[in-house]
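The values are calculated or read from the model by the stated rules, or taken from the named source; none is laboratory data. It should be emphasised that the depicted structure is a prediction, and the values quoted were computed from it without experimental measurement. FYI the Cβ positions are ideal-geometry reconstructions off the backbone, even for glycines, and counts take in every protein chain you see.
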Amino acid sequence: KEGNLISLLKSAVKKVELTAANKDQHLNCLFNEEERIPVDMDKDRVEQVILNVISNAIKYTGEGGRIDIDALKQDRNAIITVTDNGIGIPEAEKSRVFERFFRVDKARSRAMGGTGLGLAISKQIVESHQGTIELESREHKGTKVIITLPLSLKRGIRNIE
Ligand code: ATP
Ligand code: MG
């Protein structure tokens, strides 16, 4: 079913704004709130992905940190990026964070709560929408998660006409 990714992002951001504010973090929305980015999706599932990724950014970024959330259309895809300036992920562990139950630094992660399933589930959901989820990170610098989802074909054709 077709939905507007921008509306979904706006409502997701509202749901975690307070959690961020409690850590004195600002969720910086860079996307154009007026734009329409049509995607064929299960809105609840895609919202779950967005909430997972933004919650990670909040959880793994210190007090006063900055989290940028952007979304745009590029060719036939919608691209969502969530960028934080948090603790980052060591290069050696980067390839493993999409595995079930994998968490960087078990002891520290345990203290922060969670199961290590968020990104594994997110990857499954994104791929079931013919999309991709990737991650760029530098330890102690921050992390950027890039999600692509195909734009709704119906709209795409209409746009070309
Ligand atoms: P859950 O999401 O199930 O509550 P979780 O957040 O630990 O638990 P994932 O979301 O799957 O699990 O993330 C896996 C691991 O990847 C995390 O434990 C953390 O070590 C690392 N990670 C994920 N996102 C970030 C981020 N933005 N910055 C730094 N590390 C991250
Ligand atoms: Mg998580």
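A few notes on this one:
- Filtered residues of the range 37-69 (kept if surrounded by fewer than 16 Cβ atoms within 10 Å (Cβ to Cβ) and in contact with a Lys or Arg (Cβ under 7 Å, 6 or more places away or on another chain)): Glu63
- Near pairs, Cβ below 8 angstrom, 6+ apart or cross-chain, from the range 24-47 (over 23 Å from Thr83 (Cβ atoms)) to any residue that is part of a loop (DSSP other than H, G, I, E, B) and of a type in the set (Gly, Ala, Ser): Pro38/Ser152; Asp40/Ser152
- Failed item in (1) within 28 Å of Glu34 (Cβ to Cβ); (2) modelled with pLDDT under 95; (3) within 13 Å of ligand 2 (Cβ to nearest atom), with Asn159 passing the rest: (3)
- The set of residues from the range 1-46 being β-branched (Val, Ile, Thr) and outside any helix (DSSP H, G or I) comprises Ile37, Val39.
- Hits in the range 101-138 (condition: assigned to a helix (DSSP H, G or I), modelled with pLDDT of 95 or more, within 11 Å of ligand 1 (Cβ to nearest atom) and hydrophobic (A, V, I, L, M, F, W, C)): Leu119, Ala120, Ile121
- Filtered residue count, the range 94-114, keeping only those that are closer than 20 Å to Gly62 by Cα and exposed (fewer than 15 other Cβ atoms within 10 Å of the Cβ): 9
- Condition met for Glu63 (at pLDDT 95 or above and either more than 12 Å from the chain's Cα centre (by Cα) or farther than 18 Å from Ala12 by Cβ (or both)): yes
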